[in-house]
Amino acid sequence: MEYSDIVSVILCGGYGKRMRSTDRHKVCFDIAGTPAIVRTVGMMKSVGLSRFLIVVGQMAEQVISTVATVHPDVAFVYQANPRGTGHAVACVVEHLKSAGYDGNVMISMGDKIIQPHVVAELIDRHTRTDPNLTLTTLPKTSKTTAGRIVIDSSGNPLGIVELTDVRRAERTGKSIRLSGRRFSARQIERCSPTVNPSLYLFKAETLYRAIASLNDDNAQGELYLTDTVEYVALAGGKITLLHVKKGEDLMAYNTPEELLGAEEVLRNRDARRRKITAAGAKLSRRCFKPAAEWLKIIEQNPPRLMRAMTAIYGPDENLLAERRKAFAGVVKTFIKAYGPSRKTVLTRAPGRINLLGRHIDHRGGFVNVMAINREVLLMAGPRDDDTVTLVNRQSREFPRRKFRIGDLLRSADWYGWMDFINSTTVRQVLEASRGDWSNYARAAILRLQHACTDHRLTGVDFAVSGNIPMGAGLSSSSAMVVGVAEVAVALNGLDMTTRQFVDLCGEGEWFVGSRGGSADHAAIRSGERGRIARVGFFPFHIAETIAWPDGLALVIANSGILAAKSDGARDTYNHRIACYNLAEMVLKRRVAILRNMEHLRDVDPGALGVSPAEVYRALKRLPVQVTRRGAARLLDGESDRLKEIFATHDDVGPYRLRDVAMFGISECLRGDRYADLLQKGRGDEIGTLMRISHDGDRLVRFTGRKTKAHVLSYSDARLDRLITEVASGDPDRCADAALWAQPGRYACSTPEIDLLVDIACSTKGVLGAQLAGAGLGGCAMILCRSDAVNRVMSALRKGYYQPRGLKFDVHLCHPVAGSGILSI
C-alpha cells in the first residue's frame, strides 16, 4: 500500500555537537552497519511512504550523498541558518505551499530509530480518527529529557514544554503559560505522564497555520516545532495521541554512548527474530525433473513409484490407484498452464485429525494427531523473478492468482512478524481479498521470506489440487500452507529444523487473520504411516509416536457446514483465544501459586503439588465473564497488551473467562492422558475422554426427538460443590470431581455436529465421538470398533444425511506419512 497523500519530512539540519565529531554528520553515523538516515528512509518506504523531503543544513553535501546513494528518489530542502526545529519545518512549508500541497505531513527527526509498526500505527490512527494532528508519546521516566506533553484532567493535550524551559522555571520561580493557563514547574511535571519522541502527523492546512504562529520566546531563543501542539489545542483542533509503550520502539541518540546503546537494542531485537538461512538449492534428479517426465513415470507406474507410494499410503491397492490418478491430474494441470519442459518438484501435504487435545496447542498442551489420507498436491517450478502464480484443477472454485513477494514485504526492516501482519497495509490487502485461496500461499512464502533476511526467495509457478473438504475441520488451509512452504524450502535450499518449519508455518497462517497454534502443521509435517504422534509445544517436540491399535476405526462425518477461518468465524476463533489470554493474565496477578505460570498447561495440580480443589479456588478468582471495558479496569497497566488482543477480532460479546479457562485446563490434562490409554488399548476410557471434551464444545444435546440447549457455566456455587466433592474422600465422588473430567465451556461446535455426535454415540460399537478441528462447522470424528463401521455409516445416513437431502460424506481415515517432496 502506497500512501500518496502523505509527505514525510525528516529534519537533519542541526549541528549534533554532542556526537563529538567534526567530519561526520549525526545522521550519517552507522547503526548496525547502516547510516541512521538511510535506515529511517528505508523503514518508512517499507511501511508504504514514497514522498520525502529531508531538511539539510550543516554538512549538507554529506547528508545528501549518503541518502542519495541508496534512495535517489528523495528530495532535499536547505535550511541556511538553523534557528530550531520550527524554522526547519517552516522551510518545508514554504516549498509545500508553493506546490499547492494539501494532504498530510509526517514529521520526524533524522536521529530517530523508529520501528516500522509505530509508523504504520500512526498512519492508521490518523486515518481512522481524522484529527488535525496525531502525536506520538512515550512514557516519562526519571532520565527522560524530552519535552513534556501536558494534558488536562480529561487527558486532552494542552501543549509541549521543553525540559530547558521547565528547568528555567524551577530556577526563577516563574510560571509557564500554556493554552491560556499558568503552571509551575512542578505542575508541569505532574500533568505530563508522557513525553514527546518527535514523531508527528499533521493535516497540511493545520501545519501551515501552526508554523506561521511560532515565535522564539523561550530559553533557547529558537522556533520550536513543539509549540505547534499548543496552537492546535488553542484553536480548538482535534489532537489524537498514539501511546508507544516501549522506548526501544522509538529511540533517539545524542551522544556516541547513546548510539552504542541503540545498536545494542537492535542487535538484541535482531537475535530474537526467527532466522533461517539459504544454503542453496541442491535438488537431485529423483525429485526435480521436467513435468512431462513426471507424467510419464506416473502413467507407466514403475516399481520404484509403487514403493514410494506404498511407503506413504500403505498397501491398500484402491487407495494407491486413486492417489496415482490424482498425481497425474495435478501434473496435467501444470503442463496445460506452464508447458511440459519446465523442471518441477511434486509435493504433497496431507490433512490432519487431532484425536484429542482440542484448542490447546497455543496453550502448551499435548495434542494427539495423525496425518490422514486426504491431501493437497502441488507441482511447482521455479521462476527467475519473485512472482508467484497459482492455478488449480478446480479452476471455477479457485481462480488463477498471481502476486509478487516484494509487493507486501518490501523490506527486512520489519523487525517483528506481528508488526508486519498487524500493519495497516496488510489489513487493507486482506480486507480486499478475504477468504481468497491464494492468501494461504502468501502466508507461507511471506513468513519464510521474513525469516530469511539474507536471501530473496525465488518466485514459483504452482499447480494445485486437493481432496480435503474445505471448512471441514481437517486442515485444508494448513495443508496448503505446509505444501507451499515445502516447495519454497526445497527450491531455495533453506536450512531449517522441523521445529523451525512447524513454528514458521503456524505463525505464517496468522497472516490470514486467525491466531491459532501450530498443532495442525506439526501433524501434517511429521505424520508417520500407521502411527499417531503425541506432540508438545513451547518448545515444539514430538514426545512419542504410537501405533494405531488393531480393532479400532476412525470415521469422519462431514456436517456440510463450512468452518471458514478467513470469514466471520475468525472473530469467534480469536475471541476464544482472547478469553484464554485474559484469563492467564488475571490468574497470574491474583493467584500466588500461578505467578510464574507461562502457559495454561502449567495449571496442573500434579505439577504444582496441590489438590484439584486449589485449582477450583484459583478459578473462583476469575470473573465469570468480562467486557472489554471491564478487562481494561481489571488489568490496569496492560493497555498495549489488551489492544493487541482485541485487535484480532471484532467485539462479539463478553469474554467468558472462567468457562473457557476450565475447558483449557482440563483439556490439557485429557490430552496428556490420551497416548498412554491408546498404547494400552483402553478404548472405552478414550471414548469417555472424547465425550467429555465434546461436551465442552457442545451447543445442544439431542435425546430421541428432543433437543435441549447445552449451557454449562462454572458459577461460584458449582466450583464450591466440586471443592466439596474433592475433599469428601469418596472414590466415586472424587472421580466425578476430577479436573480432567470437567468439560468447561469453549462452545465452538454447531447443532449439526452435535447431532452427528449424538447419533454416533447411540450406535452399538461406538466408543466416543466429538468435534474434529477448531469448530464452528466441519466434521465430527467417531472412534468405534472395526466391526461397527457399517452400523455407524448406516445410522448417520438415516439419521442425518437423508432427512436433510445432503450428499453422504462419511469416510474412514487411515494414518499416512507426513508432507514432503516426492522422490522417485
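Of the conditions (1) open to solvent by 50 Å² or more (accessible area, probe 1.4 Å); (2) modelled with pLDDT of 95 or more, S693 fails just one. Which one is it?
Among (1) open to solvent by 50 Å² or more (accessible area, probe 1.4 Å); (2) modelled with pLDDT of 95 or more, the lone unmet condition for S693 is (1).
From the residues in the range 423-461 that are part of a helix (DSSP H, G or I) and of a type in the set (S, T, Y), which one is modelled with the lowest pLDDT? Give the derivation first.
Taking the range 423-461 and keeping what is part of a helix (DSSP H, G or I), we get 424-432, 438-451.
Then drop every residue that is not of a type in the set (S, T, Y), which leaves 424-425, 438, 440.
Details: T424: 66, T425: 69, S438: 94, Y440: 95.
By that ranking, first place goes to T424.
Determine whether V482 is in contact with a His (Cβ under 8 Å, 6 or more places away or on another chain), closer than 13 Å to S819 by Cβ and assigned to a helix (DSSP H, G or I).
Numbers: in contact with a His (Cβ under 8 Å, 6 or more places away or on another chain): yes; closer than 13 Å to S819 by Cβ: yes; assigned to a helix (DSSP H, G or I): yes.
Yes: the conditions hold for V482.
Which numbered condition in (1) surrounded by fewer than 20 Cβ atoms within 10 Å (Cβ to Cβ); (2) touching an Asp or Glu at 6+ places or on another chain (Cβ under 8 Å); (3) at pLDDT 95 or above is the only one that S713 fails?
(3)
Would you check which residues across the range 705-747 are β-branched (V, I, T) and either assigned to a loop (DSSP other than H, G, I, E, B) or within 19 Å of F663 (Cβ to Cβ) (or both) and list them? Break it down into steps so the answer makes sense when it comes.
Step one: of the range 705-747, the residues β-branched (V, I, T) are 707, 711, 723-724, 726.
Selection gives V711, I723, V726.
Exactly one of (1) closer than 29 Å to L756 by Cβ; (2) open to solvent by 10 Å² or more (accessible area, probe 1.4 Å); (3) in a helix (DSSP H, G or I); (4) of a type outside the set (D, E, K, R) is unmet by I468. Its number?
With respect to (1) closer than 29 Å to L756 by Cβ; (2) open to solvent by 10 Å² or more (accessible area, probe 1.4 Å); (3) in a helix (DSSP H, G or I); (4) of a type outside the set (D, E, K, R), I468 is out only on (3).
In the range 76-88, is there at least one residue being open to solvent by less than 10 Å² (accessible area, probe 1.4 Å) and either part of a strand (DSSP E or B) or within 25 Å of L408 (Cβ to Cβ) (or both)?
Looking for residues that are open to solvent by less than 10 Å² (accessible area, probe 1.4 Å) and either part of a strand (DSSP E or B) or within 25 Å of L408 (Cβ to Cβ) (or both), one finds none in the range 76-88, hence no.
Within the range 762-775, which residues are touching a Leu at 6+ places or on another chain (Cβ under 9 Å) and of a type in the set (A, V, I, L, M, F, W, C)? Working first, answer last.
In the first step, residues of the range 762-775 are kept if they are touching a Leu at 6+ places or on another chain (Cβ under 9 Å); the result is 763, 766-770, 772-773.
If the condition is that a residue be touching a Leu at 6+ places or on another chain (Cβ under 9 Å) and of a type in the set (A, V, I, L, M, F, W, C), then V766, L767, A769, A772 are the ones that fit.
Within the range 656-673, identify whether any single residue is without any contact (Cβ under 8 Å) to a residue 60 or more places away in the chain and among the charged types (D, E, K, R), and answer yes or no. Reasoning before the result, please.
Residues of the range 656-673 without any contact (Cβ under 8 Å) to a residue 60 or more places away in the chain: none.
Taking every residue of the range 656-673 in turn, none turns out to be without any contact (Cβ under 8 Å) to a residue 60 or more places away in the chain and among the charged types (D, E, K, R).
Can you find a residue that is within 16 Å of the chain's Cα centre (by Cα), among the small types (G, A, S) and within 23 Å of N373 (Cβ to Cβ) anywhere in the range 529-537?
No; the residues of the range 529-537 include none that is within 16 Å of the chain's Cα centre (by Cα), among the small types (G, A, S) and within 23 Å of N373 (Cβ to Cβ).
Within the range 502-525, restricting attention to residues that are surrounded by fewer than 22 Cβ atoms within 10 Å (Cβ to Cβ) and in a helix (DSSP H, G or I), which residue is modelled with the lowest pLDDT?
Looking at residues that are surrounded by fewer than 22 Cβ atoms within 10 Å (Cβ to Cβ) and in a helix (DSSP H, G or I), I get V512.
So M418 passes all but one of these: (1) at pLDDT below 80; (2) in a strand (DSSP E or B). Which condition number does it fail?
Single failed check for M418: (2).
Restricting to the range 97-116, name every residue that is part of a loop (DSSP other than H, G, I, E, B) and touching a strand residue (DSSP E or B) at 6+ places or on another chain (Cβ under 6 Å). Break it down stepwise before answering.
Applying the first criterion (part of a loop (DSSP other than H, G, I, E, B)) to the range 97-116 yields 99-103, 110-111, 115.
Matches in the range 97-116: G110, D111.
For every residue, the table says whether it meets (1) aliphatic (A, V, I, L, M); (2) buried (at least 24 other Cβ atoms within 10 Å of the Cβ); (3) touching a strand residue (DSSP E or B) at 6+ places or on another chain (Cβ under 8 Å); (4) in a strand (DSSP E or B).
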site	(1), (2), (3), (4)
R352	no, yes, yes, yes
H359	no, yes, no, no
R374	no, no, yes, yes
F403	no, no, yes, yes
G406	no, no, no, no
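Of all residues in the range 505-545, which are aliphatic (A, V, I, L, M) and in contact with a Phe, Trp or Tyr (Cβ under 9 Å, 6 or more places away or on another chain)? Walk me through how you get there before you give the answer.
So the first thing to find is which residues in the range 505-545 are aliphatic (A, V, I, L, M), and the list is 512, 519, 522-524, 532-533, 535, 542-543.
Listed by number, the residues that qualify are V512, A519, A522, I532, V535, A543.
Could you identify the single residue in R447, R499 that is under 26 Å from F537 (Cβ atoms) and either surrounded by 20 or more Cβ atoms within 10 Å (Cβ to Cβ) or β-branched (V, I, T) (or both)?
On the way: R499 fails: either surrounded by 20 or more Cβ atoms within 10 Å (Cβ to Cβ) or β-branched (V, I, T) (or both).
Answer to the selection: R447.
Give just the number: which of (1) surrounded by 15 or more Cβ atoms within 10 Å (Cβ to Cβ); (2) out of contact with any helix residue (DSSP H, G or I) (no Cβ under 6 Å at 6 or more places or on another chain) does D640 not satisfy?
D640 satisfies every listed condition except (1).
Kindly indicate whether any position in the range 231-241 is part of a helix (DSSP H, G or I), open to solvent by 30 Å² or more (accessible area, probe 1.4 Å), at pLDDT below 90 and closer than 23 Å to N196 by Cβ.
Within the range 231-241, not a single residue is part of a helix (DSSP H, G or I), open to solvent by 30 Å² or more (accessible area, probe 1.4 Å), at pLDDT below 90 and closer than 23 Å to N196 by Cβ.
So, of the residues in the range 592-627 that are touching a Lys or Arg at 6+ places or on another chain (Cβ under 8 Å) and within 20 Å of G357 (Cβ to Cβ), which turns out to be surrounded by the fewest Cβ atoms within 10 Å (Cβ to Cβ)?
Taking the candidates together, the pick is M597.
Among (1) touching a strand residue (DSSP E or B) at 6+ places or on another chain (Cβ under 7 Å); (2) touching a residue at least 60 places away in the same chain (Cβ under 8 Å), where does G416 come up short?
Among (1) touching a strand residue (DSSP E or B) at 6+ places or on another chain (Cβ under 7 Å); (2) touching a residue at least 60 places away in the same chain (Cβ under 8 Å), the lone unmet condition for G416 is (1).
Looking at the range 111-118, is at least one residue over 25 Å from the mean Cα position of the chain (by Cα) and either in contact (Cβ under 8 Å) with a residue 60 or more places away in the chain or closer than 20 Å to C191 by Cα (or both)? Give the steps one after another, and end with the answer.
The first filter runs over the range 111-118 and keeps only residues over 25 Å from the mean Cα position of the chain (by Cα), leaving 111-112.
Filter once more, so that each one left must be either in contact (Cβ under 8 Å) with a residue 60 or more places away in the chain or closer than 20 Å to C191 by Cα (or both): 111-112.
Yes: the range 111-118 contains one or more residues that are over 25 Å from the mean Cα position of the chain (by Cα) and either in contact (Cβ under 8 Å) with a residue 60 or more places away in the chain or closer than 20 Å to C191 by Cα (or both).
Given R168, R182, R186, which one is exposed (fewer than 13 other Cβ atoms within 10 Å of the Cβ), in a helix (DSSP H, G or I) and either on the phi > 0 side of the Ramachandran plot or without any contact (Cβ under 8 Å) to a residue 60 or more places away in the chain (or both)? Steps first, please.
Working: R168 fails: exposed (fewer than 13 other Cβ atoms within 10 Å of the Cβ); R182 fails: in a helix (DSSP H, G or I).
The conditions single out R186.
Only one of G799, G765, G777, G820 is in contact with a helix residue (DSSP H, G or I) (Cβ under 9 Å, 6 or more places away or on another chain) and at pLDDT below 95. Can you tell me which? Explain how you work it out, then say what you get.
Working: G799 fails: at pLDDT below 95; G765 fails: at pLDDT below 95; G820 fails: at pLDDT below 95.
Only one candidate passes the filter, namely G777.
Can you name every residue in the range 572-612 that is in a helix (DSSP H, G or I), over 28 Å from G513 (Cβ atoms) and touching an Asp or Glu at 6+ places or on another chain (Cβ under 9 Å)?
I593, L594, P605, L608
Please indicate, with yes or no, whether at least one residue in the range 794-808 is open to solvent by 30 Å² or more (accessible area, probe 1.4 Å), farther than 24 Å from P315 by Cβ and of a type in the set (S, T, Y).
yes
Yes or no: T545 in contact with a Lys or Arg (Cβ under 8 Å, 6 or more places away or on another chain) and among the polar types (S, T, N, Q)? Write out each step before concluding.
Details: in contact with a Lys or Arg (Cβ under 8 Å, 6 or more places away or on another chain): yes; among the polar types (S, T, N, Q): yes.
Spelling it out, T545 is indeed in contact with a Lys or Arg (Cβ under 8 Å, 6 or more places away or on another chain) and among the polar types (S, T, N, Q).
At pLDDT 95 or above, part of a helix (DSSP H, G or I), of a type outside the set (F, W, Y) and touching a helix residue (DSSP H, G or I) at 6+ places or on another chain (Cβ under 9 Å), is that true of L678? Don't jump to the end; show me each part of the working.
Values: at pLDDT 95 or above: no; part of a helix (DSSP H, G or I): yes; of a type outside the set (F, W, Y): yes; touching a helix residue (DSSP H, G or I) at 6+ places or on another chain (Cβ under 9 Å): yes.
Spelling it out, it is not the case that L678 is at pLDDT 95 or above, part of a helix (DSSP H, G or I), of a type outside the set (F, W, Y) and touching a helix residue (DSSP H, G or I) at 6+ places or on another chain (Cβ under 9 Å).
Taking L158 as the residue in question, decide whether it is open to solvent by less than 60 Å² (accessible area, probe 1.4 Å), part of a strand (DSSP E or B) and farther than 21 Å from I113 by Cα.
When the stated conditions are applied, L158 passes them.
Consider the range 126-138. How many of its residues are open to solvent by 10 Å² or more (accessible area, probe 1.4 Å) and either at pLDDT below 90 or of a type in the set (S, T, N, Q) (or both)? Give the steps one after another, and end with the answer.
Here is the first cut: in the range 126-138, the ones open to solvent by 10 Å² or more (accessible area, probe 1.4 Å) are 126-130, 132, 138.
Subsequent filtering for residues that are either at pLDDT below 90 or of a type in the set (S, T, N, Q) (or both) retains 127-129, 132.
Residues that pass the stated criteria total 4.
The values are calculated or read from the model by the stated rules, or taken from the named source; none is laboratory data. Fair warning: this is a prediction, and the values are worked out from it, not measured in the lab. We place every Cβ from the backbone using ideal geometry, glycine too, and count neighbours over all the protein chains shown. The protein model used for the area step is the full one, side chains on, heavy atoms only, and it has no ligands, DNA or RNA in it. Shrake-Rupley method; radii C 1.70, N 1.55, O 1.52, S 1.80 Å.
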